[in-house]
Amino acid sequence: MFNFKFTLFFLSFLFFSFSNIKCTQIQPQNKENLEFYQGIGEIEEFIHLIPQKNSLIAKTKNGIVSINLSNGEINWRFILQETEKIKYFLADEKWLFLVSNQKNIFMLNIMNGRILWQDYIEEIDLQNKKYSHNFGGYFSKESFLFYSKNYVERRDLKKGTIEWKKQLKSSQIQIQNVFWNEQENKLFLIANSIKDAKSNLVIQVSDLSNDQMEDVQLSFPLFANNKNSKNFILLENSVIFLDENLQRIGFINLKSPLGSPQYYSLSKSKIDLSTLDFSELKKIKSNHFALVFNSMQNQGKQLMMFFRMKNLQDSSIEFINSLDIEQDTTVVIAQNDNQDKFPNDLFVCQLSQYEKQLVVEVKKIGDSIETAEIMEYHTFTKSQTGRIINAFTIPRSVKKMKSSQKKVLWNTLVFFEDQKFVSLIEGKSLWQREEALSQIIKYKIIDSPIAKLPQKETFSQSMNIFYYKIMNDLNNFFNGKFAFLMPSNNFDALINEKKRQEEFGFHKIMVLISNSSQIFGFDTRRGIYDGIIWKHSLLEYDLMDIFTTNSNSNSNSNSNNKIYLVVAKSKKTSTLTGFLINPFNGEIIQQIQLNGFSPNSQFISLSLPTNNLKNSQKSTISSSIELVFVVNEDHSSWKIIPETEEALKAFQLNAHKLKFFSIVPEEHKVKGFGFEKKDDSDQFNIVLLWNKIFSSDEEILGYSTTSRGQFPQTLAGNQYFNPNLLAVSTYNHESAFIHLIDLESDSILGIFEYENVEKPFRIKISRECILSTYWSTKYKSYVVSTIRLEASDFSAKNYFRNKDGSKQNLLYSKEKERSIDFQQASFLLKPSTSTDIKITKSYKGITSKAILFGLSSGDILMLHEKFLDPSRPSLIELKEIEKQIQFELPPYLTFLPDQRPLYITKGNQIEMLRDIATKETKMESVSFVFAYGLDLFYTWVSPSGSFDILHNDFHFFILILSIFGLVITIWILRHFINNREIKSNWQ
């Protein structure tokens, strides 16, 4: 008879095994397990409204972006290179024309952001400081006119080909605008001529239908001031300008026969202009313009005078009204996207910031100024968000009131100093964006707090989970025929994947500091759009760096006790201040004034062992404390943070062992320092231990080090591990050098030269390997070079592999009768330029590593470390040394693999990629990856494969059937065996 106890034990084992197998069903790297956030960046100006697309075109610090007004998402982006900025733009309903500071011009389709054509124009004058720009364009039906300095050219609108080009004879005339009367085929060049400190408006007319006809030129005196303010504009078919005495507004209709201009006297407005300083003549609508004046008596106060072209045929001007603008008040013209609602009405939006509120007031400008809407917002005060940088207002819809009246809903977009971008409507925030996340400069990553991890399931929950898994697999295996057995309630919540990811440390808490003086606490469990859990705006400081400390020596293994030191420089006094911050709730624990330390001071993170502590069972616990060591520029004084009694004691016990280095690029030196105890005191002085001087012709580019204290200096097999290894890269006349320095013994282990190098030249140390990337001017490709360090006896072969596969012998003497061998290999990388190199991390360091290459295209390429192993045999050597290979390596090939599946971004491109971060998880095969630039991206990767992960398509039902089948087979065989044994005994 079958053993009942064995059966009960077996079924219990199955139940507990499968009910707890939930944690290993995680998919670490696919499209569902990555987060990508597109950033806009710093908005400098709003360009154009597209009503039919419900989108707004804006100029940013990095390019052009189209924003969906409904949800704040990005429709399309046009991003320039990092050093290229937009100097001029011109937009209409279909096209967008751009001029950059590198003399490039672009024509874009404004609906989708696609480039129709682009060109380079050498004649563009970027050095002219008399005007904000002396180049621009004009759209016609089929052509585009581009002007610069003293010439104008006509291009095909869709192809960009030049149809004709016209040059002005006088070099003192600077073209400021153009107008083309297509019906009469006449070209009007509106220019500014400055002679003898006098400014004149020049209008030159060319009849393009008759090349023989001479140009007609008219000249009128203009108002000129020292600020070079714009003193004339083109409004529809008329030129509006200020006369030389600032008493009249002149206007000329370009579609009428040219003659003397007509004038409107500013005295009719009955406004005293004697106490006002002219600022700007501004076009605000197709038939409206304004004069802006600054008050001479009250700084920050302005006056706007609004005018309307009453009749476009005879260009008569009508004064509407004026508006006083107080200090700390922003006024923008409301853009009307529906002429049927407000055919001739003019609305302005006035935004006033106070200590406790932001007041948004929409006013109708007419014979009297009427308030159309006024709203108060208490979450966007000046102390919280800083001043308003830009704003934009449009009427979104019409709301019916109970009194059968209709109310217009005004939508106001505001961009604040702290890079917060909000959409306000009807007293509420429609959506918000934190564009400071597009300017991240430093980061720290830790595990989510253990206290917030989900509790272990109860017995009934485990039963439900087990039943759900079996029924789900049974239903899938038989194509849904057992759907009636599925539980009616949703058990997905019980086996939620995010819950399982938390248990294995997949999700992290990130502390991010931005270039716009913001500090963010970011929780990846909440997703990329809702991940901000706290924020600090330190607008009075420039944030410099962030370092890790902890609150006590027992917390080195517990992330709950981690605290971070954010170092900031005051914008007013340039003094340094340290902020100790709790990463989980954003609490500023302490603010430390770093008096006596300049912005060039050196900050070093230290992990120091402390005295052995004893717990209640009186067993010894190994402990350490993390602190930050600060030393001033001349190394005459130092400070530790946090300055607690335990930290000071740990420092005094270990000071004689501590060594650090300092790189001085201007002196071409690397200096090593240590500590020397003063006589009969507990004080220490910093002393210079060694000094490495490079050639004065060599420029120090950067350095990389191993993590000191991560592992001892040991030799594992033939691999050379050195926790005190420093690699310094230098550059001299298209040649780059890597200097390997042992910080402990003050010895140079090797110098490697790379020729035909174009900067930047990047290096990274990965235990026994040194990686470098650069652009080769010889191969016209990106090169990845790797140097592997090996420890061996003098009798061993010492060589490194050259690019052509040949070997070059090298011998380096080392202590304990050991030498260091160097194997070197170079590979070509097909994709675009690499911007960063990072190496994945694992929990216990067992699994193989992968190299992450950040590409200028915005992708991240992940390659297994075996592809960069210098030991990869060439195809010629492969047959000879095949028997000697102890582990599988692919043959040496010139190009590294670059297939699409190797890109972990999965089609998402991170614009202006700045850095990549990696962090281990509690699952050995999985590594967390975070990348940032203009966008944010994070995911999980498995460089060695998911050997400890069951995939989502794993069938529990088949496994159970197999086990039960095995048990039944054993039971049947046992029955036959027992019968045979009985018969044999009787015989």
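One table, with the values for the structure above:
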{"read-out": "First in the range 533-548 and open to solvent by less than 30 Å² (accessible area, probe 1.4 Å), second anywhere and not in a strand (DSSP E or B), Cβ under 8 Å, 6 or more apart", "value": "Trp534/Asn585; Trp534/Gly586; Leu538/Ser517; Leu543/Asn515; Leu543/Ser517"}
{"read-out": "Test for Glu643: is it within 36 Å of the chain's Cα centre (by Cα) and open to solvent by 20 Å² or more (accessible area, probe 1.4 Å)", "value": "yes"}
{"read-out": "Condition met for Asp272 (buried (at least 16 other Cβ atoms within 10 Å of the Cβ) and acidic (Asp, Glu))", "value": "no"}
{"read-out": "Residue in the range 294-310 that is open to solvent by 30 Å² or more (accessible area, probe 1.4 Å), in a strand (DSSP E or B) and touching a residue at least 60 places away in the same chain (Cβ under 8 Å) present", "value": "no"}
{"read-out": "Cβ pairs under 7 Å, 6+ apart, first in the range 889-913 and modelled with pLDDT of 85 or more, second open to solvent by 60 Å² or more (accessible area, probe 1.4 Å) and not in a loop (DSSP other than H, G, I, E, B)", "value": "Lys906/Lys31"}
{"read-out": "The range 30-68, subset of a type outside the set (A, V, I, L, M, F, W, C), within 26 Å of Asn104 (Cβ to Cβ) and over 21 Å from the mean Cα position of the chain (by Cα), residue most open to solvent (accessible area, probe 1.4 Å)", "value": "His48"}
{"read-out": "Subset of the range 275-293 [over 24 Å from Glu236 (Cα atoms) and either open to solvent by 60 Å² or more (accessible area, probe 1.4 Å) or of a type in the set (Ser, Thr, Tyr) (or both)]", "value": "Thr275"}
{"read-out": "Candidates Ser66, Ser132 - the one that is at pLDDT 95 or above and closer than 30 Å to Arg387 by Cα", "value": "Ser66"}
{"read-out": "Filter result for the condition that a residue is within 28 Å of the chain's Cα centre (by Cα), open to solvent by 60 Å² or more (accessible area, probe 1.4 Å), at pLDDT 90 or above and not hydroxyl-bearing (Ser, Thr, Tyr), over Ile115, Ile105", "value": "Ile115"}
{"read-out": "Filtered residues of the range 134-178 (kept if among the aromatic types (Phe, Trp, Tyr), under 24 Å from Lys94 (Cβ atoms) and open to solvent by less than 10 Å² (accessible area, probe 1.4 Å))", "value": "Phe135, Phe144, Phe146, Tyr147"}
{"read-out": "Residue ID - least open to solvent (accessible area, probe 1.4 Å), chosen from residues in the range 366-396 that are within 22 Å of His536 (Cα to Cα) and of a type in the set (D, E, K, R)", "value": "Lys382"}
{"read-out": "For Ser745: the one exception among (1) within 26 Å of Val664 (Cβ to Cβ); (2) modelled with pLDDT under 85; (3) surrounded by 16 or more Cβ atoms within 10 Å (Cβ to Cβ)", "value": "(3)"}
{"read-out": "Of the criteria (1) modelled with pLDDT under 60; (2) closer than 30 Å to Thr549 by Cβ; (3) touching a Leu at 6+ places or on another chain (Cβ under 8 Å); (4) of a type in the set (D, E, K, R), which one Lys452 fails", "value": "(3)"}
{"read-out": "Single unsatisfied condition, Asn554 versus (1) surrounded by fewer than 17 Cβ atoms within 10 Å (Cβ to Cβ); (2) of a type outside the set (Lys, Arg); (3) modelled with pLDDT of 90 or more; (4) over 30 Å from Lys61 (Cα atoms)", "value": "(3)"}
{"read-out": "Residues of the range 74-88 satisfying the condition of being in a strand (DSSP E or B) and open to solvent by less than 50 Å² (accessible area, probe 1.4 Å)", "value": "Ile74, Trp76, Arg77, Phe78, Ile79, Ile86, Tyr88"}
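Matching residues to (1) among the hydroxyl-bearing types (Ser, Thr, Tyr); (2) modelled with pLDDT of 85 or more; (3) more than 18 Å from Thr705 (Cβ to Cβ):
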position	(1), (2), (3)
Gly750	no, yes, no
Lys759	no, yes, yes
Arg762	no, yes, no
Ser766	yes, no, no
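The values are calculated or read from the model by the stated rules, or taken from the named source; none is laboratory data. Just so it is clear, the structure is predicted and the values come from calculations on it, not from any experiment. In this analysis, Cβ positions are derived from the backbone assuming ideal geometry, glycine residues included, and neighbour counts consider all displayed protein chains. These area figures cover heavy atoms from the full protein model, side chains too; ligands, DNA and RNA do not enter into them. Shrake-Rupley method; radii C 1.70, N 1.55, O 1.52, S 1.80 Å.
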